[in-house]
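Nothing in this text is a laboratory measurement; each read-out follows from the coordinates by a stated rule. Just so it is clear, the structure is predicted and the values come from calculations on it, not from any experiment. Neighbour counts are summed over all protein chains in view; Cβ atoms, including those assigned to glycine, are modelled from backbone coordinates with ideal geometry.
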Amino acid sequence: MPLVPPKIGFVSLGCPKALVDSERIITQLRAEGYEIWPQYEGADLVVINTCGFIEDAVAESMETISEAMNENGRVIVTGCLGVNENLIRDQYPEILAVTGPHATTEVMQAIHQHAPPVNDPHIQLVPAAGIKLTPAHYAYLKISEGCNHSCRFCIIPSLRGPLDSRPFADIMQEATALADSGVRELLVIAQDTSAYGLDIKYQPAIWNGRAVKSHISDLAHALGDLGIWIRMHYIYPYPHVDELIPMMAEGRILPYLDIPMQHASPSILKAMKRPANESKMLDRIKQWRDICPDLTLRSTFIVGFPGETEADFDYLLEFLHKAQLDRVGAFAYSEIEGAQANQLSNPIPEEKKQARLARFMAVQEEISANKLQDKLGQIMDVLVDEVDDETILARTSGDAPEIDGQVIIKSDGKIKSGDFCRVKITHADEHDLWAELV
């Protein structure tokens, strides 16, 4: 009689860093013969990888735990919200186990305890690149854990610890396996991507017979040898980030920088404990664009931080006008349990925060619309994400999946997901482009 592997339901919430944690757990589950089950009903237990970074994320995580408990009843919780175990167990004392983030070993131990694996070599087969939760043509490549900063609005260091960089060769072996498996785009992520190697003193390594340092510049250069799209996320603008721009200009890595600036007002940046300088940032942006005119700059901002005056907010809007960033996300500040900012005076009323957020986004939408209008008539190579009978959804080198815009093309019945194709831009709005195949 054949052995029946346990069925594990899995829900992954939160950011791309959490998604990579989920992929590692699922890869280990499949390596041990477990079946990943697509629904609560029928699963032997359910694993929920939670997010606990902002209030809305906590609410979503707790709601998901409630659904899993009601529909299955055998639940293991991991991820950032798991650091606050008492909050979870106070509402759901029957939870099987709770762990923090980046805890594959602990999660697997709990699964072994409550749903032991079967030993069948015929089902313990995993591709070399591991199990990915993204489409087959792109993948996230996490190069470090944790963060050494102490920004007042953030609790990441308490959730994920200080900077912990992966060995250079380990990263490149994973990247090579992903490229060999057919991945066309790698999205390089960490809590603080450009700090890679600082904690291990930029440890020397050998890769492909060449001496390298465990440093973001050497890593970017090596990743560029893979011949696929390499996209840099969560780049803190240290001086050495300037070294990446020539690689973008020569096409080694994508001309795309995701820099979470958070604000522009010097007084608010100081209150946030963000060591940044708005005027120098504008100078650097100009220098980067002089070297790499096709550079796409993405950033995120917080409006309504405690103590933010109208003058601070106007300063931020003026920065947007001067910087002319290509892609921008923003959210209204909300208290996070454990964040230092909770103790700051002069909180901004919610109604005013939302009004400022709306004004901020209106300014950026006008900037984005104008920048996208400039692309009309251009010929571009795009990467296809989705195809149906009528429409192709693709992205330019300036668009990351899920968070940036799309290129919408009439389907020709031949192109498929993961293909590159050449298009001419025919129409634009404030977010997306429309194009025709050429």
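Of the trypsin sites (Lys or Arg not before Pro) found in the range 155-206, the ones in coil according to DSSP and having at most 11 other Cβ atoms within 10 Å of their Cβ are 201. Legend: distances between Cα atoms for 201/286; 280/375; 280/352; 7/132; 371/424; pairs beyond 20 Å are 201/286; 280/375; 280/352.
The aspartates and glutamates within cross-link reach of residue 273, meaning a Cα-to-Cα straight distance under 19 Å and a gap of 8 or more places when in the same chain, are 192, 308, 312, 335, 337. For the chain, 15, 51, 80, 147, 292, 421 stand unpaired, since no other cysteine beta carbon lies under 4.7 Å from theirs. Based on C-alpha pairs under 8 angstrom that are at least 6 apart in sequence, the chain has a relative contact order of 10 percent. When +1 charges are put on Lys and Arg Cβ atoms and -1 charges on Asp and Glu Cβ atoms, the dipole computed for the chain relative to its Cα centre reaches about 1260 debye. Our estimate of slack between residue 432 and residue 410, defined as 0.36 nm per intervening residue step minus the Cα-Cα distance, is 6.5 nm. Would you please state which residues of the range 195-209 a label at residue 169 would reach in this model, taking the label point 7 Å out along Cα→Cβ and a backbone N cut-off of under 11 Å? What the label zone holds, given the 11 Å backbone N cut-off, is 205-209. For the chain, a Gaussian network of Cα nodes joined below 10 Å ranks 136, 43, 211 by mean-square fluctuation, and the top entry is 211.
Full extension from residue 85 to residue 351: what is 0.36 nm times the residue separation minus their Cα-Cα distance, to one decimal in nm?
On the way: separation 266, 0.36 × 266 = 95.76 nm, distance 3.21 nm.
Here the segment from residue 85 to residue 351 would lengthen by 92.5 nm.
Calculated FRET efficiency, residue 381 to residue 105, Cβ-Cβ distance, R0 = 60 Å: about 0.90 to the nearest 0.05.
DSSP bridge analysis restricted to the chain gives an antiparallel fraction near 40%, rounded to the nearest 5. Here the extension length gained between residue 389 and residue 56 equals 116.2 nm, from 0.36 nm per residue of separation less the Cα-Cα distance.
The range 40-192 gives an Rg/Rh value of 0.99, both radii derived from C-alpha positions and Rh following Kirkwood. Cross-link partners of residue 416 among aspartates and glutamates, defined as those whose alpha carbon lies under 17 angstrom from its own and excluding same-chain residues fewer than eight positions apart: 185, 381, 385, 386, 388, 389, 390, 436.
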